[in-house]
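Read through the structure below, which is laid out as structure tokens, and then see the notes.
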Amino acid sequence: MILSVSRRTDIPAFFSRWFFKRIDEGFVLVRNPFNRKQVSRISLSPDLIDCIVFWTKNPSDEFIQNLTRLDELGYKYYFQFTLTSYDQSIEKNVPRKKELIEKFRRISEHAGKERIVWRYDPILLSGHFDIEYHKKYFEYLAQALSPYTEKCIISFLDFYPKIEKELAEQGIRKMTVEEMTELAEIISSIAGRYNLKVESCCEDIDLLQYGITKSHCVDGNLIQKIAGKDLSFKQDKNQRPGCGCVSSVDIGVYNTCRHNCIYCYANRSSDVHIMEYDENSPLLCSKLEDDDIIKER
């Protein structure tokens, strides 16, 4: 089993104690996001978990310090670490880049540069965050991160209906194909100078002429390398068209991330859910109810 921790929220940033209590107790409960009375019980035995994929923008110091516990218990894992060039007008509760670069370095030095993937996504354009801005700051980040990773994944902003109003208020607009290809060429050229491979996530546009291939964020080949064994995978049918990820089990909960990035598809009303957070509950930001139906996953 591949465990996704998590596309729906930033567990390494906000819920470190809850996660490691789940590891200690050996299981986690997860509500079906489309049928909340349906609850899955997922074993966290290292014998059953082939690999954990962590998704984060700002892992807590406590979380990074506890990676040694995962190693000692025999878990295999890698990180998808998002580090963009935006300020707090876009990523409201994400700290300064120097702090994030330092955390990126710490994880890489602990786990190895092949086990931390830099995500420069989503790429967006406005009057302030224009192509020249991305050119300048992508190079700044590439230079800082290249000693600690082998790969960068990019994507262009998707305009989900529920976030369009806030995007418009910040002057963020849809990109043309010409702008996407110009940015792709710039990013590819800069990445090449720092020996970074670039892949694109869920993009219809073909960027192969710039050396940018389609990404597999939950990457079967990388997982087999980290796990040190041959594994069979199924394509993840629950993701967007064009997604190359293999199937995984996500233990996160929507509307619980406190980064409050204006482009986020997973977080619209976090306050209500955060109030329900209990690090001792087997459910993240929720508690079992009498009429819940629990099934072994």
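The values are calculated or read from the model by the stated rules, or taken from the named source; none is laboratory data. For clarity, every value in this text was computed on a predicted model and none was experimentally measured. Virtual Cβ from ideal backbone geometry, glycine too; neighbours counted across all protein chains shown. Side chains are part of the model used for accessible areas, which takes the heavy atoms of the whole protein and leaves out ligands, DNA and RNA. Shrake-Rupley method; radii C 1.70, N 1.55, O 1.52, S 1.80 Å.
The figures follow:
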| item | result |
| --- | --- |
| Qualifying positions in segment 198-219 - touching a Gly at 6+ places or on another chain (Cβ under 8 Å) and not in a loop (DSSP other than H, G, I, E, B) | VAL198, LYS214 |
| Enumerated strands (runs of 3 or more DSSP E) restricted to segment 16-102, each holding at least 2 residues that are surrounded by fewer than 18 Cβ atoms within 10 Å (Cβ to Cβ) | 27-32, 35-43 |
| Pick from segment 1-18, criterion small (Gly, Ala, Ser) and under 10 Å from the mean Cα position of the chain (by Cα), ranking: farthest from THR82 (Cα to Cα) | SER4 |
| Scope segment 37-60; condition out of contact with any strand residue (DSSP E or B) (no Cβ under 7 Å at 6 or more places or on another chain), touching a residue at least 40 places away in the same chain (Cβ under 8 Å) and either at positive phi or not hydroxyl-bearing (Ser, Thr, Tyr) (or both); matching residues | LEU48, ASN58, PRO59 |
| Among the candidates TYR120, TYR133, residue that is closer than 24 Å to LYS92 by Cβ, among the aromatic types (Phe, Trp, Tyr), open to solvent by less than 50 Å² (accessible area, probe 1.4 Å) and in contact (Cβ under 8 Å) with a residue 60 or more places away in the chain | TYR120 |
| Selection count where residues are under 25 Å from TYR265 (Cα atoms), free of Cβ contacts under 8 Å to residues at least 60 places away in the same chain and out of contact with any Phe, Trp or Tyr (no Cβ under 6 Å at 6 or more places or on another chain), scope segment 179-215 | 14 |
| Residues of segment 257-288 satisfying the condition of being within 23 Å of PHE159 (Cβ to Cβ), at pLDDT 80 or above and either not aromatic (Phe, Trp, Tyr) or not in a loop (DSSP other than H, G, I, E, B) (or both) | CYS257, HIS259, ASN260, CYS261, ILE262, CYS264 |
| Count of residues meeting criterion [at pLDDT 90 or above, crowded, with 19+ Cβ neighbours inside 10 Å and in a loop (DSSP other than H, G, I, E, B)] in segment 220-253 | 4 |
| Residues that are within 26 Å of HIS110 (Cβ to Cβ) and assigned to a helix (DSSP H, G or I), drawn from segment 140-181 | TYR140, LEU141, ALA142, GLN143, ALA144, LEU145, SER146, PRO147, TYR148 |
| Residue match in segment 189-196 (condition: open to solvent by 40 Å² or more (accessible area, probe 1.4 Å), at pLDDT below 95, among the polar types (S, T, N, Q) and within 21 Å of ILE154 (Cα to Cα)) | no |
| Per-region count, segment 132-179, residues in contact with a Cys (Cβ under 6 Å, 6 or more places away or on another chain) and of a type in the set (A, V, I, L, M) | 1 |
